[in-house]
1. Under a 1.4 angstrom probe, counting protein chains only, how are Glu240, Glu274 ranked by accessible area, largest first?
2. Rounded, prolate or oblate: which one fits region 93-180, using the alpha carbon gyration tensor with axes a ≥ b ≥ c (rounded when a/c is under 1.5, else prolate when a/b beats b/c, else oblate)?
3. Among rounded, prolate and oblate, which fits region 60-121 when a ≥ b ≥ c are the square roots of the eigenvalues of its C-alpha gyration tensor, a/c under 1.5 means rounded, and a/b larger than b/c means prolate?
4. Can you give the local net charge around Val91? Use residues other than it whose beta-carbon is closer than 9 angstrom to its beta-carbon, Lys and Arg +1, Asp and Glu -1.
5. Roughly how many Å² is the accessible area per residue of region 29-139, as a whole number, for a 1.4 Å probe?
6. Taking θ as phi - 60°, what are the ³J(HN,Hα) couplings along region 239-253 by the Karplus curve (6.51, -1.76, 1.60), each to the nearest whole Hz, with x for Gly and Pro?
7. So what does Thr21 come to for accessible area, using a 1.4 Å probe and Å² rounded to 10?
8. Going by accessible area, probe 1.4 Å, with all protein chains left in place, what is the ranking of Cys20, Cys142, largest first?
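The values are calculated or read from the model by the stated rules, or taken from the named source; none is laboratory data. These figures come from a predicted structure and were not determined experimentally. Counting neighbours? That spans all protein chains shown, and the Cβs are built from the backbone with ideal geometry, glycine included. For the accessible areas, the whole protein counts, side chains as well, though only heavy atoms, and no ligand, DNA or RNA atoms are used. Shrake-Rupley method; radii C 1.70, N 1.55, O 1.52, S 1.80 Å.
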Amino acid sequence: PFSLVSGEHLRICPQGYTCCTSEMEENFANKSRSEFEAMTKEAGRSVQMILTAQYRSFDGYFQDLLNKSEKALYEAFPTMYGELYMQNMKVFKDLYSELRRYYRGSNINLEEALNEFWTRLLERLFKLLNPQYHITDEYLDCMVKHAEQHKPFGEVPRDLKVKATRAFIAARSYAQGFLVGSDVVRKVSQVSLSHECTRAVMKLMYCPHCRGMSSVKPCNSYCLNVVKGCLANQADLNTEWKYLMDSLIIVADRIDGPYNVDTVIGTIHMRISEAISNLQENKDSITAKVFQGCGNPKINTKGSSSEDKKRRGKVTLEAKSSAQALEMLVLDAKGNLTNLKSYWVTLPNVLCSKKVTAGSGADDKCWNGMTKGSYLPEVMGDGLANQINNPEVEVDITKPDMTIRQQIMQLKIMTNRLGNANIGNDVDFQDASDDTSGSGSGDACPDDVCGKRLAKSPSTRPPETHAIPKQSGHGVSGASSRSLPSAFLLLLSVALLAAQHSWR
């Protein structure tokens with residue numbers, strides 16, 4: 001209209017004299033909805049980028065450590081061990097392959113993989129070091145049964161198993177934590193505005209235009225009430241989100257501390273070399289003990305001299321430390337994680353101050369939903385339960401958004417996994433439909449963050465089973481550091497929440 005007309009036709013904006021037709025109001029409503037959803041997704045994308053960047057930095061660092069260790073083994077072992085290495089290349093390659101698969105999330109028992117490596121290596125080396133004897137598979141089975149008692153590789157297998165499993169468990173849980181956090185933000189950012197919120201956002205952002213006040217910005221408190229009402233479900237992520245950020249920080253300290261991946265992963269080849277040297281140097285005494293326990297094998301008439309199979313040259317294996325790079329990675333990650341802790345409850349302030357560019361709450365010249373003036377209602381608290389008396393948005397607190405509730409569950413699951421990784425306990429990737437629970441004790445972090453801990457030794461217990469997003473498999477019931485509620489319990493808690501408010 002070229003001049004103000006009666007606003008009786010308006011369905012969202014105040015029905016005084018207006019500059020808008022019904023079609024204009026509808027267009028503004030669609031525009032405000034798409035703009036608000038775009039602003040929310042943009043804020044989420046910035047968080048996703050931070051978490052993904054942290055994952056890529058650590059993943060690249062960890063993979064580089066493993067690659068350098070494997071390369072050093074391939075370069076040095078042919079000179080050091082000659083045929084001992086050349087005839088056993090596949091054993092070493094299979095080990096590094098299994099380590100990579102485990103780190104990537106495959107359902108592998110890492111302790112069993114390491115035990116299998118030492119068993120295969122011992123069987124092959126024992127035959128190569130004793131070519132004058134005809135050693136059958138049955139004889140090797142007997143030898144392996146006595147291996148733990150004789151310790152042919154010294155203390156290396158036991159020591160490496162304890163340190164490597166803890167380092168790998170922490171590393172893969174840490175990396176997975178960033179991906180889960182990013183995935184949660186992505187899924188939550190896709191939740192659409194409700195019909196009530198579309199009306200409230202339209203009234204906030206474009207009704208001033210219909211009143212001929214296009215230059216008047218919304219009052220800050222008014223904007224906060226609208227946004228807190230429309231993002232109430234998202235704000236309920238806050239508690240579990242903070243727990244996830246805290247858990248990632250704790251595990252980061254472990255990775256650069258007791259479970260130092262630079263020291264452990266970067267020296268795997270050196271520990272293997274140490275183990276082989278132990279076997280070579282104690283060959284005679286170990287062979288005698290095996291013969292005593294398993295009997296004397298038959299002489300191999302086609303046996304050849306073992307001289308060529310002994311160490312050929314003196315090669316010094318070194319591990320190039322990247323401890324400073326790890327320290328910088330951890331410091332950078334901890335800084336970003338700390339900054340992201342309160343993301344979900346500060347999002348309304350971010351959107352109102354930076355996106356909607358609201359005026360001061362005390363300003364009497366801002367848009368208050370009806371006209372230019374002061375905004376008197378108090379600002380609501382965060383989360384769904386606090387919106388029962390929201391003056392700007394009609395929010396049904398008895399119907400939480402199920403997509404967001406599912407993501408809250410994923411945060412809990414990942415936090416549980418990190419809590420276990422912090423004390424060296426493994427957790428398998430399994431189907432989220434499995435409902436597992438258990439109890440224990442530990443000192444990783446407060447019970448209200450990580451739940452109860454398992455008391456079993458991480459080097460002797462089977463992996464636990466928790467659900468991880470985008471992973472599937474056949475669940476195995478096992479011990480968990482925190483009870484994982486079923487869908488029934490989740491719905492029951494929602495019903496109780498509704499009942500509480502009806503009683504008020």
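1. Glu274, Glu240
2. Prolate shape, in that a/c is at least 1.5 and a/b is the bigger ratio.
3. Oblate.
4. It works out to a net charge of +3.
5. On a per-residue basis, 44 Å².
6. Computed from phi, the couplings for region 239-253 are 4, 5, 5, 4, 4, 5, 4, 4, 5, 5, 5, 5, 5, 4, 5 Hz.
7. For Thr21, the solvent-accessible surface is approximately 50 Å².
8. Largest accessible area first, the list is Cys142, Cys20.
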